[in-house]
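See structure below.
The values are calculated or read from the model by the stated rules, or taken from the named source; none is laboratory data. This is a predicted model, so every value here is computed, not measured. Every residue, glycine as well, gets a Cβ built from its backbone with ideal geometry; the counts of neighbours run over all protein chains shown.
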Amino acid sequence: MRSWVRCSPLLLVFAACTPFAPSWQRLQEVDAVEATAAAPRVPKLVWQTIGHSVEGRPLRLTRVGHGPRRVLWVGGIHGDEREGRVSTEQLPRALAAVPGAFEQVTLTILEDANPDGAVHDTRGNANGIDLNRNYPAGNFLPSKQFGQRPLDQPEAKALHDLILDERPHLVIVAHAWRKDHFINFDGPAARHAELFSKHSGYRVKPSDLIAPTPGSLGSWVGRKLGMPILTLEHERGVDPLWAWMQTREAILAVILQA
């Protein structure tokens, strides 16, 4: 697995040889060459629809690996926070490149928990509800923005049911934060957050040190169900490819953590 620090000299040479190509295009090409040369073939992804958004878009998931450790990756829940989309696309290939990973882990990838918001570039879904405030946590707060009752939005209900069915050992959700980046956690996930920080440089922030999040996925999963959950806050507006390069090693480390 290649980190940003180790690959940067190669990228500098590559960029110097092709001065007219955009830097991110060159980075993508280097990544593609490396993947072709070193990574094993990823089994064909089979996508399953577990529900639909308010506007009828499918909520799709796929699974890679067949190991006993169950990890759930959620590619996004706020439609205007798309910084994790490259990570969602690249995770199957990256996990396949780790020897023995498929025997250790079953990784379930929910492509996007808010496809309507992603299309419309809005935080909430098509009803204007913040889906990350619509869960049956002890701190749920009924409101026009959060929903009148927990799980009254189809997207939230679908993810809720998936988590109860899967009972993952770890949940990771991609988010973004204005003018900052860090790893946030709820429940018994402090050691996961510290490991993520070690491999990425992202600071650790427990949820109780951030603004109140009534009815959040983290509050429900981490505090009510007692499952480890990490909220990955990229800096808002960062190139999604750069976000992936910064955090790839960290994401794989926590996915594979025993």
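What the table shows:
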quantity	calculated
The range 200-250, subset of a type in the set (D, E, K, R) and outside any strand (DSSP E or B), residue surrounded by the most Cβ atoms within 10 Å (Cβ to Cβ)	Arg248
Verdict on Arg167 being closer than 26 Å to Gly65 by Cα and of a type in the set (D, E, K, R)	yes
Elements of type strands (runs of 3 or more DSSP E) contained in the range 44-128, each with 2 or more residues being assigned by TED's automatic domain parsing to the domain that holds Arg236 and of a type in the set (A, V, I, L, M, F, W, C)	58-64, 69-74, 105-110
Qualifying residue in the range 134-153 (condition: closer than 23 Å to Arg63 by Cα and of a type in the set (A, V, I, L, M))	no
Residues satisfying the stated conditions in the range 117-130, i.e. in contact (Cβ under 8 Å) with a residue 60 or more places away in the chain and touching a Gly at 6+ places or on another chain (Cβ under 7 Å)	Asn125
Number of the exception - Gln90 against (1) within 14 Å of the chain's Cα centre (by Cα); (2) under 24 Å from Asp186 (Cα atoms); (3) not acidic (Asp, Glu)	(2)
Those residues of the range 161-175 which are farther than 18 Å from Leu91 by Cα and either assigned to a helix (DSSP H, G or I) or aliphatic (A, V, I, L, M) (or both), in sequence order	Asp161, Leu162, Ile163, Leu164, Asp165, Glu166
Leu164 closer than 23 Å to Thr106 by Cα and in contact (Cβ under 8 Å) with a residue 12 or more places away in the chain	no
Residue in the range 223-232 that is farther than 20 Å from Asn132 by Cβ and either assigned by TED's automatic domain parsing to the domain that holds Asn114 or among the aromatic types (Phe, Trp, Tyr) (or both) present	no
Set Gly237, Gly226, Gly218: member being closer than 27 Å to His66 by Cα and in contact with a strand residue (DSSP E or B) (Cβ under 9 Å, 6 or more places away or on another chain)	Gly218
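For every residue, the table says whether it meets (1) in contact with a Pro (Cβ under 8 Å, 6 or more places away or on another chain); (2) at pLDDT below 95.
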position: Trp24; (1), (2): no, yes
position: Trp47; (1), (2): no, no
position: Pro68; (1), (2): no, no
position: Val74; (1), (2): no, no
position: Ile77; (1), (2): no, no
position: Asp80; (1), (2): no, no
position: Glu83; (1), (2): yes, no
position: Val98; (1), (2): no, no
position: Ala101; (1), (2): no, no
